[in-house]
Amino acid sequence: SEELLQKKDKLALVGQLAAGVAHEIRNPLASITGFVQLMQEGVINSRYLEIMKSELDRIELIISEFLVLAKPQAVRFAPCDLSQLLQNVVVLIESQATLNNVRIVTDLSPNLPRILGKENQLKQLFINIFKNAIEAMTHAPDAVLHIGVQPSERQDALSIHITDNGCGISPDRLAKLGEPFYTTKEKGTGLGMMVSYKIVADHQGNIEIFSEQGQGTRVTVTFPCQ
Ligand code: ADP
Ligand code: MG
């Protein structure tokens with residue numbers, strides 16, 4: 001049946017992604033194994049621990065960006081206070097912003113209508129988007145990450161705007177966003193946006209990206225309210 005086919009397609013997609021992630025993890029893993037062997041044989045000393053640590057960090061990053069998709073989702077949809085959730089994610093991301101000289105400005109009014117969501121997935125979604133914004137502003141002189149949430153006029157949807165004044169995205173690159181492993185960063189995973197699109201789709205939401213090269217980017221995520 002159609003339903004079965006869809007399930008099969010989904011499984012095939014997950015299989016492909018898992019294979020891709022496994023491939024990405026294999027390289028740092030192989031290099032760590034090599035270093036451990038050389039250390040056991042006394043060929044190299046602990047100076048290489050730093051390289052090993054950075055390879056481990058790489059594995060950790062790949063897994064953390066992929067985690068919500070890889071984990072079986074037993075969690076049910078529940079009413080979520082998006083202002084509160086965004087505030088909590090801001091706390092998580094604050095140190096990374098400070099390290100990159102990025103100022104965070106929020107406009108999160110309380111008492112907004114609730115949306116139905118999976119809290120962990122929504123957190124991962126905003127972590128991925130905020131991280132990209134901060135990373136895009138590493139060379140911006142007056143870097144500001146603006147995060148705002150607004151109800152629609154008829155109060156039947158909520159829009160979250162995430163705006164940065166970073167490097168921006170050219171139109172041809174914009175089209176590639178969300179493709180697995182598409183990255184322009186030396187240490188990127190290219191998984192963040194793919195995972196974000198999947199989470200938004202799972203929530204019957206919508207994601208739009210406006211960007212101007214050299215000016216900045218605005219990501220708008222819209223969710224239906226309860
Ligand atoms: P990663 O961050 O690991 O590169 P993502 O899937 O999160 O992977 O993002 C893919 C690419 O999209 C990034 O490498 C970057 O080129 C582009 N991108 C995403 N968000 C932004 C942004 N706010 N500003 C500029 N470029 C962005
Ligand atoms: Mg990213």
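The values are calculated or read from the model by the stated rules, or taken from the named source; none is laboratory data. These numbers come from a predicted model, not from an experiment. Glycine gets a Cβ as well: all are built from the backbone with ideal geometry, and neighbour counts include every protein chain shown. Only protein heavy atoms, including side chains, enter the accessible area calculation; ligands, DNA and RNA are left aside. Shrake-Rupley method; radii C 1.70, N 1.55, O 1.52, S 1.80 Å.
A few comments on the model shown:
- Long-range Cα-Cα pairs in the stretch 160-205 (distance over 17 Å), rounded percent: 44
- Listed residue pairs exceeding 22 Å between alpha carbons, taken from Lys53/Lys198; Lys131/Lys176; Lys53/Lys118; Lys118/Lys187; Lys118/Lys185; Lys53/Lys123: Lys53/Lys198; Lys53/Lys118; Lys118/Lys187; Lys118/Lys185; Lys53/Lys123
- The modelled label-to-label distance between Val105 and Thr33, using points 7 Å beyond Cα along the C-beta direction, is 5.1 nm.
- Stretchable slack from Glu208 to Gln87, in nm (0.36 nm times residue separation minus alpha-carbon distance): 41.4 nm
- Relative contact order, whole percent, for the chain stands at 18, derived from Cα pairs under 8 Å and 6 or more residues apart.
- Mean projection area, nm², convex hull over Cα of the stretch 36-170: 12.2
- When only alpha carbons of the stretch 147-226 are considered, Rg and Dmax amount to 13.7, 44 Å.
- DSSP beta bridge pairing in the stretch 74-161, given as percent antiparallel to the nearest 5: 55
- Degrees between helix 192-202 axis and first principal axis of the chain (Cα, 0 to 90, nearest 10): 40
- The trypsin sites (Lys or Arg not before Pro) of the stretch 103-148 include none that meets both criteria, a DSSP state outside H, G, I, E and B (loop) and at most 12 other C-beta atoms within 10 angstrom of the site's C-beta.
- Whole-number accessible area per residue in Å² for the chain, which is evaluated in the context of all protein chains at 1.4 Å: 60
- Coordinate range along principal axes, alpha carbons of the stretch 85-160, Å, largest first: 39, 25, 17
- Rolling a 1.4 Å probe over the protein heavy atoms of the chain, with every protein chain left in place, gives an accessible area that is 53 percent carbon and sulfur.
- Here the chain has an Rg and Dmax of 19.7, 70 Å, counting Cα atoms alone.
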